[in-house]
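What follows is one structure encoded as structure tokens, with my remarks underneath.
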Amino acid sequence: MKITRLDLDDTGSPEGLVTKILKAEPDLPVPVPVEELAQCVDITDIATLTTEGYEGGLITDDCKSEGVILVNAAARRGRRRFTIGHELGHFLIPTHRPAKSGQFLCSREDMRRWSVQENDAYARMEVEANRFSALLLMPPPILRGVMEKFRDPDLAHITELAGLFDVSKEPAARAYANYHHQPVAIAVVKDSIVLRIYKHTKFPRIGISYGSPVPRNSLFHYAAKSGQKITEVRQNGAELWLESDWGKRLPTLYEQVFYQQEGFALIMLWVEQEEEDEERDPEENRTARQRWQDRLSGRNRW
Ligand SMILES: [Zn+2]
């Protein structure tokens, strides 16, 4: 790699920085070699973080001439990579200043912040560091190319994405929901409680707030005993998840569940778009809806 910090001059936003990184390293491989990249831009060491309760840290001087990234060594590889990207974000974004002089310390909660209230400067830094890490590890031009082949939504693709970019399933799920050409949302669930939901910009309003139990009639509950890790895609009542506007008919909703370890699960929600919005597949001359119906009825399964 030949990138240096001079290539990143005058850039302050996560998007601007990642654009400049890709310009300086047009053949950046995936999985992105985040440690090597950090070293090219003046991170002198990546060491083990020993402070309890934190996921990552950054030690640097006031003018950020160089830095040392600290990572929770007990975390899995994908999460450690995300943490390195996050701390690198704090290091490279000029406006990021630590709460305590010379050291950033970031918790797991910080690593999951994606939105922020207007005046919360601390949270804003965390949100930006997360956005930087996600963009760096899953660069949009490469991600878009990969997403092309995922025509019909399926949670099995999350495993594929996570493997390809060497990230954990949650950032992969977020990227999948954001970049899929169909309106999908993915709920992250732990012990039957909805923790977070990542959604496509065209996904309708969800009526379930974070911290609420998974709706009682969700596929999540009745497929749990089947022993399948990833369920089939099933149609279910849209009113379970969506907020209803008075007098407006709700779209058709499909659910799919991916059960994971330690009580975690991902629930994908997909809504059927209005007929006129559907693109026809020129190859097969079938709409996405027809493909789904074929799939639901057991024909053409893959
Ligand atoms: Zn942070």
Given the criterion more than 16 Å from the ligand (Cβ to nearest atom), without any contact (Cβ under 8 Å) to a residue 60 or more places away in the chain and open to solvent by less than 40 Å² (accessible area, probe 1.4 Å), identify the matching residue among Leu155, Leu161.
Leu161
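Residue-wise test of (1) surrounded by fewer than 12 Cβ atoms within 10 Å (Cβ to Cβ); (2) at pLDDT below 80.
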residue: Ser244; (1), (2): no, no
residue: Lys248; (1), (2): yes, no
residue: Val257; (1), (2): no, no
residue: Gln260; (1), (2): no, no
residue: Glu276; (1), (2): yes, yes
residue: Pro282; (1), (2): yes, yes
residue: Asn285; (1), (2): yes, yes
For region 113-152, give me each residue that is under 17 Å from the mean Cα position of the chain (by Cα), hydroxyl-bearing (Ser, Thr, Tyr) and open to solvent by 60 Å² or more (accessible area, probe 1.4 Å).
Ser115
Note on region 196-213: residues of a type outside the set (A, V, I, L, M, F, W, C) and assigned to a loop (DSSP other than H, G, I, E, B) are His200, Thr201, Lys202, Pro204, Arg205, Gly207, Ser209, Tyr210, Gly211, Ser212
Being open to solvent by 60 Å² or more (accessible area, probe 1.4 Å) and within 24 Å of Glu170 (Cα to Cα) narrows Glu35, Glu66, Glu87 down to just Glu35
Taking region 1-28 and keeping residues over 22 Å from Phe165 (Cβ atoms) and not charged (D, E, K, R) leaves Thr4, Leu6, Thr11, Gly12
Name the residues in region 98-142 that are away from the ligand (no atom under 11 Å from the Cβ) and assigned to a loop (DSSP other than H, G, I, E, B), would you?
Ser101, Gly102, Trp114, Ser115, Val116, Gln117, Glu118, Asn119, Asp120, Met138, Pro139
Looking at (1) in a strand (DSSP E or B); (2) over 21 Å from Arg174 (Cα atoms), which is the only condition Ile267 fails?
(2)
For region 217-242, which residues satisfy the criterion of being part of a loop (DSSP other than H, G, I, E, B), closer than 17 Å to Asp154 by Cβ and open to solvent by 30 Å² or more (accessible area, probe 1.4 Å)?
Gln228, Lys229, Glu232
Could you tell me which numbered condition Thr51 fails, if it satisfies all but one of (1) closer than 14 Å to Phe104 by Cα; (2) touching a Ser or Thr at 6+ places or on another chain (Cβ under 9 Å); (3) open to solvent by 20 Å² or more (accessible area, probe 1.4 Å)?
(2)
Filtered residues of region 32-77 (kept if part of a loop (DSSP other than H, G, I, E, B) and of a type in the set (Gly, Ala, Ser)):
Gly53, Ser65, Ala73, Ala74, Ala75
Going by the conditions given, is Thr11 in contact with a Lys or Arg (Cβ under 8 Å, 6 or more places away or on another chain) and at pLDDT below 95?
yes
Somewhere in region 93-111, is a residue open to solvent by 60 Å² or more (accessible area, probe 1.4 Å) and aromatic (Phe, Trp, Tyr)?
no
With the requirement that a residue be outside any loop (DSSP other than H, G, I, E, B) and either within 27 Å of Asp9 (Cβ to Cβ) or within 11 Å of the ligand (Cβ to nearest atom) (or both), what does region 78-97 give you?
Arg81, Phe82, Thr83, Ile84, Gly85, His86, Glu87, Leu88, Gly89, His90, Phe91, Leu92
Mind counting the residues in region 82-136 that are of a type in the set (Ser, Thr, Tyr) and in contact with a Leu (Cβ under 8 Å, 6 or more places away or on another chain)?
1
Please give the number of the condition Arg205 fails out of (1) under 27 Å from Thr48 (Cβ atoms); (2) away from the ligand (no atom under 16 Å from the Cβ).
(1)
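The values are calculated or read from the model by the stated rules, or taken from the named source; none is laboratory data. As the structure is a computational prediction, the values presented were derived from the model and not from experiment. Note: ideal-geometry Cβ built from the backbone for every residue, glycine included; neighbour counts use all protein chains shown. Protein only, heavy atoms only, side chains kept; ligands, DNA and RNA dropped before computing areas. Shrake-Rupley method; radii C 1.70, N 1.55, O 1.52, S 1.80 Å.
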